[in-house]
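Peer 1: First, the structure itself, so that you have it in front of you.
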Amino acid sequence: MTLNEDEPMPRTSIDQKTMHRYLSEHLLGSESGLNHFKAAHHTWADTAYAKRFESLHQQVQADQDDLKRIMDQLGCTKRPMARLLAPAAKLAGHVNPFNPLRLRKLAAAQVQLDVLTGLLNAKLRMWQTMLLMLPHDPRLDQELLQDLSHRAESQISQLKALSDETWPERFAPQVHHGRKEGRP
């Protein structure tokens, strides 16, 4: 995102170009992240956990929509490089390189959950960083940023609970005809 050249620079002590670039890069990451959550939902689609993964996917989508609204309010416009990279970011999330076969019983499924947790932590840090900017940019909405920060913390807790509840599916030894075997 870049500043709209037709509008005057707001009176803040935040470097607007840097802030807009920062938000643009998070938006780009969220394109991929959203597809990673969709892929996780597909991985767990036929289980008792499907609704919880779908809920997380919807929550992440709502946060992305809020980020876009914040960027619009701050006068951000799409940067050419972001326009070029957005389809690749979406594809990376859609391909699901962490668990391409969408199998829950492999270590790759745990890596997928760990990556999702990392993406949520990155989003949480963005909201926390924006909260630090409140005294320096009057256009920022404290209540919204606090809500977004709490939502990210809740999403991290939800995903951690899912990971904790499902770990045996990935790591408990398989039993075949009365004998235990390790996983491939």
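What follows is calculated from the coordinates using simple rules that are stated; it is not laboratory data. In this text, all values refer to a predicted model and were calculated from it rather than measured experimentally. We place every Cβ from the backbone using ideal geometry, glycine too, and count neighbours over all the protein chains shown.
Peer 1: How much FRET efficiency would the formula 1/(1 + (r/R0)^6) give for D15 and Q146, where r is the Cβ-Cβ distance and R0 is 25 Å, rounded to 0.05? Provide the component values of the computation, followed by the final result.
Peer 2: On the way: r = 23 Å, r/R0 = 0.93.
Step by step, r from the Cβ atoms, then E = 0.60.
Peer 1: Now a separate question. With each label point set 7 Å from Cα along the Cα-Cβ vector, what nm distance links T47 and Q128?
Peer 2: The answer from the label model is 2.8 nm.
Peer 1: With +1 on each Lys and Arg Cβ and -1 on each Asp and Glu Cβ, and nothing else charged, work out how big the dipole of region 123-165 is about its Cα centre, in Debye to the nearest 20.
Peer 2: 160 debye
Peer 1: Give the calculated FRET efficiency between F171 and D137 to the nearest 0.05, with a Förster radius of 41 Å applied to their Cβ-Cβ distance.
Peer 2: Efficiency computed from Cβ-Cβ geometry: 0.35.
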